[in-house]
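Only one structure is covered here, and it is reproduced in the block below.
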Amino acid sequence: MMSIRRFASTFFLGAALTIIWPAGARAKTVTIDDSGSQALEPSVTMRWKSAAPSRSAAGNVMIGTTTIRVRINVTPWLHHSGHIYLALPVQKPGPIGLSWITQGRFLPGQVASGNRVLVYAGPIASPFMEDTLTFQFSVNGALMARPVPVTYHFEMDEG
Amino acid sequence: MPSPQAPTGTTPSGLRHSRDTLRRLTVGAALLAAAGSAAPYTATLTPAAPQEIYLQVGVGAFTNNYINGGQPQVNATVNTVSATLAVGVVGNGTAQAMTTNSTAAQSYWDGYTFCTVPAQLYIGGFFRTTGATTAAAQVTATVPANLTDTTGDSIPFSQISWTSGGNGDTTANGFLPEVFPGGKFVSGGVQTVGSMASNTWNESCWTFSYANTVVTAAGTYTGAVLYTMTAP
């Protein structure tokens, strides 16, 4: 009886763990190596979105466009399925908007700093994924007193 | 004799440790290299010649209204503001309304009919600069001492004053407090007639008036006022 009870409790504990474990599992996010990417312009020239400002001093947005040949190394996930995101961290000089169009390998989209957006979901069939993305950055002109570096990256959700 | 090779009995083990260490170092280096190559991509955003300045007194030129993507243009037109006095009222102290030949009634911001012509003269503009709000741009008027006629008679420019307004000119309607307030010409001087905060559209409509307190000979008296905008 005792051994049966122990077996039963072990079984139910095991079953409980089996049920709980997947719910507790969390996807691990890994920054993808994009050192093979190339910018076609050395810097992003920012211009006023509109030549004239508004009456209320709102909407003083500067925009700049750049084209980048994106090449990311997805070898670690080869022959698996993956979700790839483009992430734009919170950073100086302040709120930044980023939108992009693609040649089709990745999804087009837009993101505000502090967020990320899905650009690919599916099987990883080759060690590298490539696409040409045209990015448009938008920043309040009041924050653009001087050239500012802005970073973004691609990341993979594992698990 | 002790075996000279005794100490070397540890050598293989030592070598193994060394290899393990080397392997770990190699792995560590590989991980560091991988971490380094996964650094975020950096794009440098560079403001390019972002400073712009625009002043319009009377008619101006835009390719289209601003809210439709219009771009400011150059317009060299010099408008006039004038009054014609009947003989019987010259110098009687009754102010005479002046009118303009400017046809600029609509704001280039949105096409809104802001000024009433020919009673009012449009004045507006803006200056663009990056970074935090700077000191305001100043608009000054360089005023001759007198209006003169062909025979040398004159009328002091200080006889002319103006009030400021505009159709629906309220903050609630999206207009700023009056940035080009009413005033009076200072004969032979340079005076400030308004200021513009950076990155804002500013506009007013001026209604001119001739004081009519001097008696002069009949004639056509003219003078030109030069408006200058100076941005920091």
**Fill in**
Of those in region B:186-196 that are crowded, with 18+ Cβ neighbours inside 10 Å and hydrophobic (A, V, I, L, M, F, W, C), the residue farthest from the other protein chains (Cβ to nearest Cβ) is B:Val193
**Complete:** Flagged pairs (Cβ under 9 angstrom, 6 or more apart or on separate chains; first in region A:32-54, more than 7 Å from every other protein chain (Cβ to nearest Cβ) and modelled with pLDDT under 90; second buried (at least 20 other Cβ atoms within 10 Å of the Cβ) and in a loop (DSSP other than H, G, I, E, B)) are A:Lys49/A:Asn60
**Message:** Pairs please, first residue from region B:120-147 and within 18 Å of A:Ser50 (Cβ to Cβ), second anywhere and at pLDDT 95 or above and outside any strand (DSSP E or B), Cβ atoms under 6 Å, 6+ apart in sequence or on different chains.
**Reply:** none
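State yes or no: is A:Ser126 among the hydroxyl-bearing types (Ser, Thr, Tyr) and touching a Gly at 6+ places or on another chain (Cβ under 9 Å)?
no
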**Item:** Failed criterion for B:Val186 (all others in (1) over 20 Å from B:Gly124 (Cβ atoms); (2) part of a strand (DSSP E or B); (3) not polar (S, T, N, Q) hold)
**Value:** (2)
**Message:** Go through region B:207-232 and report how many residues are in a loop (DSSP other than H, G, I, E, B), exposed (fewer than 13 other Cβ atoms within 10 Å of the Cβ) and under 32 Å from the mean Cα position of the chain (by Cα).
**Reply:** 2
**Message:** Within region A:129-159, take every residue that is exposed (fewer than 15 other Cβ atoms within 10 Å of the Cβ) and over 30 Å from B:Gly131 (Cβ atoms) and give me the one that is farthest from the other protein chains (Cβ to nearest Cβ).
**Reply:** A:Gly159
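Determine whether A:Gly82 is at pLDDT below 95 and either more than 9 Å from every other protein chain (Cβ to nearest Cβ) or part of a strand (DSSP E or B) (or both).
yes
Scan region B:125-155 for residues that are assigned to a strand (DSSP E or B) and either surrounded by fewer than 18 Cβ atoms within 10 Å (Cβ to Cβ) or more than 9 Å from chain A (Cβ to nearest Cβ) (or both) and jot them down.
Of region B:125-155, the ones assigned to a strand (DSSP E or B) are B:125-128, B:137-142, B:146-148, B:154-155.
B:Gly125, B:Ala137, B:Gln138, B:Val139, B:Thr140, B:Ala141, B:Thr142, B:Asn146, B:Leu147, B:Thr148, B:Ser154, B:Ile155 - these are the residues of region B:125-155 that are assigned to a strand (DSSP E or B) and either surrounded by fewer than 18 Cβ atoms within 10 Å (Cβ to Cβ) or more than 9 Å from chain A (Cβ to nearest Cβ) (or both).
Go through region A:96-111 and give me each residue that's part of a strand (DSSP E or B) and either charged (D, E, K, R) or surrounded by fewer than 14 Cβ atoms within 10 Å (Cβ to Cβ) (or both). Even if it seems obvious, please write down each step before you answer.
The first filter runs over region A:96-111 and keeps only residues part of a strand (DSSP E or B), leaving A:96-101, A:109-111.
Answer for region A:96-111, where residues must be part of a strand (DSSP E or B) and either charged (D, E, K, R) or surrounded by fewer than 14 Cβ atoms within 10 Å (Cβ to Cβ) (or both): there is none.
From the list B:Phe157, B:Phe126, which residue is in the same structural domain as B:Ala197 (by TED's automatic domain parsing) and closer than 30 Å to A:Ala142 by Cα?
Working: B:Phe157 fails: closer than 30 Å to A:Ala142 by Cα.
Being in the same structural domain as B:Ala197 (by TED's automatic domain parsing) and closer than 30 Å to A:Ala142 by Cα holds for just one of B:Phe157, B:Phe126, which is B:Phe126.
The values are calculated or read from the model by the stated rules, or taken from the named source; none is laboratory data. Keep in mind that what you see is a predicted model, and the values were worked out from it rather than measured. We place every Cβ from the backbone using ideal geometry, glycine too, and count neighbours over all the protein chains shown.
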